[in-house]
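Chemist: Once you've had a glance at the structure underneath, I'll fire off some questions.
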Amino acid sequence: MKTIIILAHPNIEQSYINKSWIEALSKTNPEVEVHDIYKKYPDWKINVPAEQALLIKYDRIIFQYPFQWYNMPPLLKKWIDEVFLQGWAYGQGGENLIGKEIGVAISTAGISDSYTESVFGTIDQLLKPMSSTAKFVGAKYIGHHAFLGAYTPDAAERLAKDLEVYKDFIKK
């Protein structure tokens, strides 16, 4: 299954989690394409036909980003708004994403205790817009991979164990 990661990290070079995920993946799964939209579009002027042509080539699309203020980074929101167009991604003639798999890989600063229904909501609840988007365009939502508490003292130790889980999520 051909997989692309739509990487949406505003500053990947200073990232610990997302950068480590991508580096680990490139060593073991070089066939997975990583498409860094912040690097590709520093001016935020998205080449919509090129992005649509890129997505057509893949069976699985993984959106990877730091979860900021309970949402995706702003360039990713703009990217989805501009690329998932009526007549291309949905509506009459919008059949290009039907049957593809869509998933999410996120990192958070917040610890797991923050992501409960009684506090701010579970990760599943907070990612509902992504699962709904996948359903709306006829894709299969395959769930998410999350690394919580990126700034905790034990993050490096947990990340070492998490890298295999992340790679399994990407290629499952």
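Chemist: What's the magnitude of the charge dipole for segment 3-80 around its Cα centre, counting Lys and Arg as +1 and Asp and Glu as -1 at the beta-carbon? Answer in Debye, nearest 20.
Modeler: Charge dipole, segment 3-80, about its Cα centre: 160 debye, nearest 20.
Chemist: Under the classification rounded if a/c is under 1.5, otherwise prolate if a/b is larger than b/c and oblate if not, where does segment 1-102 fall, given a ≥ b ≥ c as square roots of the Cα gyration tensor eigenvalues?
Modeler: Oblate.
Chemist: Here's something else I'd like to know. Between I56 and T28, what length in nm is gained on full extension when 0.36 nm per residue of separation is reduced by their alpha carbon distance?
Modeler: 7.7 nm
Chemist: Just to make sure I understand: if all protein chains stay in place, what is the order of T122, T3 by accessible area at 1.4 Å, largest first?
Modeler: Ranking T122, T3 by accessible area, largest first, yields T122, T3.
Chemist: For segment 1-59, with all protein chains present and a 1.4 Å probe, just round the carbon and sulfur fraction of the accessible area to a whole percent.
Modeler: 53 percent
Chemist: Let me ask something additional. Between beta-carbons, use under 13 Å as the cut-off and find the net charge around E164, counting Lys and Arg +1, Asp and Glu -1. Spell out each step's value before the answer.
Modeler: Numbers: positive: K27, R158, K161, K167, K171, K172; negative: D162, D168.
After counting each charged neighbour, the total is +4.
Chemist: Out of residues 5 or more away from E101 or on other chains, whose amide H comes under 5 Å of its own, with H placed 1.01 Å from N in the peptide plane?
Modeler: Here R60, I61, K140 satisfy the definition.
Chemist: Can you find, among P30, F63, Y90, the residue farthest towards the positive end of the dipole of the chain? Put +1 on the C-beta of Lys and Arg, -1 on that of Asp and Glu.
Modeler: The residue sitting farthest along the positive end of the dipole is Y90.
The values are calculated or read from the model by the stated rules, or taken from the named source; none is laboratory data. Predicted model, so just to flag it, every value in this text is computed and none were measured. Don't worry about glycine lacking a Cβ; one is built from the backbone with ideal geometry, like all the others, and counts go over all protein chains shown. Side chains are part of the model used for accessible areas, which takes the heavy atoms of the whole protein and leaves out ligands, DNA and RNA. Shrake-Rupley method; radii C 1.70, N 1.55, O 1.52, S 1.80 Å.
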